[in-house]
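To keep things clear, I will list the structure first and then write my remarks on it.
The values are calculated or read from the model by the stated rules, or taken from the named source; none is laboratory data. Quantities reported herein were computed from a predicted structural model and do not represent experimental measurements. When we count neighbours, we look across all protein chains shown, and the Cβ atoms used for this are built from the backbone with ideal geometry, even at glycine.
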Amino acid sequence: MTHRTPPAERQDGREPPAPSGGFTLIELITVIIILGILSFALFGRTGPRSGPELARMAEVRAQIRFVQLRSMKTSSVNGIKCDGTSYWAFTGTNPDAVAARLDLPGESGSVITLGATNMTMTAFVFLFDGFGIPYTAYTSATTNTKLAADALITITAGGGTGTLTLTPETGYVP
């Protein structure tokens, strides 16, 4: 007759502990904290964005990119300016020269009035050189002020507020 040796964990005569069927309190709290961090990262403090706000942000982002691409394509300085009540694109280094204003794609005129589009936007001036590098002031190739830090453009439309960021050196608007 063959005798079987009990497994090592039972040689002292005790039964192994039964597996637990649930989670500990610490595991549950950890999961809740992780879910909270993820939801904050996804939605931020303002929550989901409204349709009109997203549309206006996409429109302004595309127009900034248009001005930057035009500068690179023509190897000349172009810019975009917002004075708080309207905004426009221009060619050259003088944002206020009426003769230098450019038509933006999808717009009927060279000046977009913010009140007519039911939106508000912070004031800014950005100029792009032939390499697409953003500037806040540009007199000549040697007398200019490059964008030194991320520039934030706050746009309010449809009851929501969002922010566009123009990055230094590349002029990228995510």
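Here are the numbers:
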quantity: Filter result for the condition that a residue is closer than 17 Å to L166 by Cα, of a type in the set (D, E) and part of a helix (DSSP H, G or I), over E59, E53; calculated: E59
quantity: 1 or more residues over 15 Å from T156 (Cα atoms) and among the hydroxyl-bearing types (S, T, Y): qualifying strands (runs of 3 or more DSSP E) within the stretch 80-131; calculated: 86-91
quantity: Residue in the stretch 92-106 that is closer than 25 Å to T161 by Cα and at pLDDT 95 or above present; calculated: no
quantity: Hits in the stretch 84-102 - residues which are farther than 15 Å from A137 by Cα and within 25 Å of the chain's Cα centre (by Cα); calculated: G84, T85, S86, Y87, W88
quantity: Number of the exception - T165 against (1) assigned to a strand (DSSP E or B); (2) buried (at least 19 other Cβ atoms within 10 Å of the Cβ); (3) not small (G, A, S); calculated: (2)
quantity: So G132, is it among the small types (G, A, S), out of contact with any Lys or Arg (no Cβ under 7 Å at 6 or more places or on another chain) and within 17 Å of R61 (Cα to Cα); calculated: yes
quantity: Which listed residue, of L102, L164, L127, is of a type in the set (A, V, I, L, M), under 21 Å from R70 (Cα atoms) and touching a residue at least 60 places away in the same chain (Cβ under 8 Å); calculated: L164
quantity: Filter result (part of a loop (DSSP other than H, G, I, E, B), surrounded by 10 or more Cβ atoms within 10 Å (Cβ to Cβ) and either at pLDDT 65 or above or on the phi < 0 side of the Ramachandran plot (or both)) within the stretch 7-47; calculated: F23, T46
quantity: Residue list for the stretch 137-156, filter: within 23 Å of the chain's Cα centre (by Cα) and either in a loop (DSSP other than H, G, I, E, B) or crowded, with 16+ Cβ neighbours inside 10 Å (or both); calculated: L147, A148, A149, D150, A151, I153, I155, T156
